[in-house]
Amino acid sequence: MPHTEHILHGRYAVVSCHVERPLDDDVWSRFNALQERRPGGFAIAALMRPPAEGENEERWLERAQEAQARGPFGLHTHWTAPDHARPTGGDPAALVREQGRRLDSLGLRATFFCGGGWYMDEKVLAAVADLGYADCTATAFRPGYLEPGAPHLQLEEPAWIELAAGRRVLEVPTTHSIGMLARGLLGPFRRQIVHAYFHDTDLLDRGRAAALRIGLSFLGLKRTVTDLDELQRGLRPEKTTSFANSRA
Ligand SMILES: [Zn+2]
């Protein structure tokens, strides 16, 4: 368990997966095997997209329960469609609240939220706070596909993000993609916390899957291996920031 003292001087790493196609048997079996194998010693957090209209909720629940038994579990919302993550209208926070309640009613205990396409706004973050989750939607990098001014949070290190009425949310930014991990093999990771992420669909590509396995093994040797739930329990960042200041 990381303590403040260790966090100040320690160098931790965690890994999460955006599980977007858990009902695709091929994708699921690959994710299932990888999470079970714990590359680098990591308990990979499954940030799962809930089933959309017409998808098999019963099978989804079985798979969510399997994932939750093996590592941290979180909610990954795709607002527009299974293959269209960012919202195109409506009330983004309302969908997050609805999905959070649904996970709850299914007996799943999510601890983290990650907005699809890295989307975040202040109302969504308030919904995340109300659900009792921590958040990992902020990124330390600027996602290349975002339009200038598109809502997005950018943070280098974990921080508390302040909301109205004195509430705050623990933000554990995502810092490395698979490609960045691979490039990081050449140099030191400067951040205190490396949070690497990938998509379940990356596992369909042999090259990306191999890069991920190698990257995570290397990361596990260079860092103290922990997981998102351990960080949520033990991490007390010194930094507090307002929502406006974490907008990128
Ligand atoms: Zn996604």
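The values are calculated or read from the model by the stated rules, or taken from the named source; none is laboratory data. Bear in mind the structure is a predicted one, so any value in this text is a computation, not a measurement. We place every Cβ from the backbone using ideal geometry, glycine too, and count neighbours over all the protein chains shown.
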Which ones in the range 130-162 are under 13 Å from the mean Cα position of the chain (by Cα) and within 14 Å of the ligand (Cβ to nearest atom)?
Cys136, Thr137, Thr139
Restricting attention to the range 45-62, the residues that are under 13 Å from Leu106 (Cβ atoms) and within 16 Å of the ligand (Cβ to nearest atom) number exactly 4
Can you report the number of residues in the range 110-168 which are in a helix (DSSP H, G or I) and not aliphatic (A, V, I, L, M)?
7
Taking the range 164-176, which residues are out of contact with any Ser or Thr (no Cβ under 9 Å at 6 or more places or on another chain) and modelled with pLDDT under 95?
Ala164, Ala165, Gly166, Arg167, His176
Unique residue being polar (S, T, N, Q), closer than 15 Å to Pro50 by Cα and in contact (Cβ under 8 Å) with a residue 40 or more places away in the chain when the list is Gln99, Gln154
Gln99
Quick test of your reading of the structure: Gly89 fulfils all but one of (1) modelled with pLDDT of 95 or more; (2) more than 22 Å from Arg38 (Cα to Cα). Name the failing condition by number.
(1)
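Against the definition (in a helix (DSSP H, G or I) and closer than 19 Å to Tyr197 by Cβ), how does Ala46 come out, yes or no? Give the derivation first.
Numbers: in a helix (DSSP H, G or I): no; closer than 19 Å to Tyr197 by Cβ: yes.
It is false that Ala46 is in a helix (DSSP H, G or I) and closer than 19 Å to Tyr197 by Cβ.
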Of the residues that sit in the range 72-116 and are of a type in the set (S, T, N, Q) and more than 19 Å from Tyr197 (Cβ to Cβ), which one is farthest from the ligand (Cβ to nearest atom)?
Ser105
Conditions: (1) under 27 Å from Leu235 (Cβ atoms); (2) away from the ligand (no atom under 12 Å from the Cβ); (3) out of contact with any strand residue (DSSP E or B) (no Cβ under 9 Å at 6 or more places or on another chain). Ala127 meets all but one. Number of the miss?
(3)
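Is the range 214-221 home to any residue that is of a type in the set (A, V, I, L, M), surrounded by fewer than 19 Cβ atoms within 10 Å (Cβ to Cβ), within 16 Å of the ligand (Cβ to nearest atom) and over 25 Å from Ala159 (Cβ atoms)?
Initial filter on the range 214-221 (of a type in the set (A, V, I, L, M)): 214, 216, 219, 221.
Retained after the next criterion (residues that are surrounded by fewer than 19 Cβ atoms within 10 Å (Cβ to Cβ)): 214, 221.
Narrowing the set further to residues that are within 16 Å of the ligand (Cβ to nearest atom) leaves none.
No - not one qualifying residue is present in the range 214-221.
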Tabulated pairs, the range 38-63, first touching a residue at least 12 places away in the same chain (Cβ under 8 Å), second β-branched (Val, Ile, Thr), C-beta under 6 angstrom, 6+ apart or interchain
Gly41/Val225; Phe42/Val15; Phe42/Val225; Ile44/Val15; Ala46/Val19; Met48/Val19
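Take Ala69 and decide whether it is within 16 Å of the ligand (Cβ to nearest atom), assigned to a helix (DSSP H, G or I), within 18 Å of the chain's Cα centre (by Cα) and without any contact (Cβ under 8 Å) to a residue 60 or more places away in the chain. I'd like the intermediate steps shown before the answer.
Details: within 16 Å of the ligand (Cβ to nearest atom): no; assigned to a helix (DSSP H, G or I): yes; within 18 Å of the chain's Cα centre (by Cα): yes; without any contact (Cβ under 8 Å) to a residue 60 or more places away in the chain: yes.
Judged against the criteria, Ala69 is not a match.
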Only residues in the range 221-240 that are at positive phi count as the first member; pair them with residues that are crowded, with 19+ Cβ neighbours inside 10 Å, Cβ under 7 angstrom, at least 6 apart or cross-chain, and list the lot.
none
